[in-house]
1. Of the residues in the stretch 13-31, how many are at negative phi, out of contact with any helix residue (DSSP H, G or I) (no Cβ under 6 Å at 6 or more places or on another chain) and surrounded by fewer than 18 Cβ atoms within 10 Å (Cβ to Cβ)?
2. I'd like to check something: does the stretch 399-407 contain any residue that is out of contact with any strand residue (DSSP E or B) (no Cβ under 9 Å at 6 or more places or on another chain), buried (at least 21 other Cβ atoms within 10 Å of the Cβ) and assigned to a helix (DSSP H, G or I)?
C-alpha cells in the first residue's frame, strides 16, 4: 500500500472507490446509487471547469475571506522553549471555522444541479452554521440535522443557524450526537434527492462526499504552502503540521498541498475524559475496520462489532469513525496519529488564549495540546504549525462550566 506522488490523494482509489483496497467505497442502498452517480459525474466536470474554478475562487476570496492569517506564536514559543510554534488561523474565515469552504462549494454545486433545497449534518454546529450562511447567500432553503445533545452544548451556533433561516431537526436517537445526525440526514436525502442536495460536513460518507469536502478544504494548504515559503524562503526540513481529527476535514485541507513534501503530519484525536474508558479516537486505539455512513473505515466498536459509544468534550470530534483518507494515511505511515484528553485540551485552550491573540475552539485545542506536549522536547530548528481551525465562541458555555471563566 503506497501513496502515489503527483496524484491527488482523493483520486487514489480503485474502481470500487476503495483506498488501499481497504477503506472507503460506496456502501449505499439501491435508491441512492443514481443520485450518487449523478453527483459524481457533475463534480468530475466542475472540478476541471475553468469558469467553476473562477467562481469558487471569487467566493473564497470575497465571501470566505481567503487567505486566512499565518502567524508565529511568539509568546507560546518563548513560554515552552524548544520548537518554534506557528498557527494557521483558519478561524478568521467568515463564520469562524474551516467548514465554510465545504459549505460554499456544496451550495455552488447545488445551484449547478438545479436544486432549491440543501440539507446537512452538524456536531459542533460549525458545519451547520456555515451551511446555513452559504445557503442564505446563494438563495437555497436549508435544513440541518443535529443531535439533541449537541443542540444543548453548542447553543451559540444553534442560534446562528436559526438567524440564517435554517430549520434545525433535532435527532433524539442513539447517542444524540454527530454520528446520529449524519445517519438521519442521509435517510432524509434518500427520500428527497430529486429536489434536494446533501452536504456532508466532513470527509466521511460515500466517496463523492469525501472528495468534495477534501477538495474544498484544500484551500487551507494552498494558502499555507505559499505563506510558509514566504516566511522561511522554502519549506523547512523539520516541519510538523499538527491538526485535530474527528471526521478529518480540516486536517485533509491542512495537509493536502504538502503531501509530496517531507513535512510530517500529526493528527490528534479526541481521547475523552481521563477518568472514562470512552473516547473518539479509533486510529489511536487500534479500532477495527467497519462500515459507517456508507464507507469502510476504522471505527469504534463494541464487543459485538456494533458501532460503539464515544465521549469527548468536543462535539466536532465526538464521532466513532474517521475519514477513509486518514485510514489510508495511517496505514501507509504518511501520517501519525495520537490523542489528547478533554483535560489536556482545556489546559491548552487556557494557555494559548492567555498568551496569544487567538482563542481556539475545543477541537483545535486538542492539536494545541499535542504541540504543547512535544515542543519543549524539540530543538529551535523544528517548526510546528497548528491549524487553529475554529473559534471558541461556540464553546463558551462548556468552558465556563468547566473552568469558571472564558476569554476570547
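Quick note: the coordinates plus some simple rules give every number you see, no bench work behind them. Quick caveat, the model's predicted, so the values are computed rather than measured. Every residue, glycine among them, receives a Cβ derived from its backbone with ideal geometry; neighbour counts consider all protein chains shown.
1. Of the residues in the stretch 13-31, 7 are at negative phi, out of contact with any helix residue (DSSP H, G or I) (no Cβ under 6 Å at 6 or more places or on another chain) and surrounded by fewer than 18 Cβ atoms within 10 Å (Cβ to Cβ).
2. Our first condition is that a residue be out of contact with any strand residue (DSSP E or B) (no Cβ under 9 Å at 6 or more places or on another chain); within the stretch 399-407, this holds for 399-407.
Okay, now just the ones that are also buried (at least 21 other Cβ atoms within 10 Å of the Cβ), so 399.
Applying the additional criterion that residues be assigned to a helix (DSSP H, G or I) yields 399.
Yes, the stretch 399-407 contains at least one residue that is out of contact with any strand residue (DSSP E or B) (no Cβ under 9 Å at 6 or more places or on another chain), buried (at least 21 other Cβ atoms within 10 Å of the Cβ) and assigned to a helix (DSSP H, G or I).
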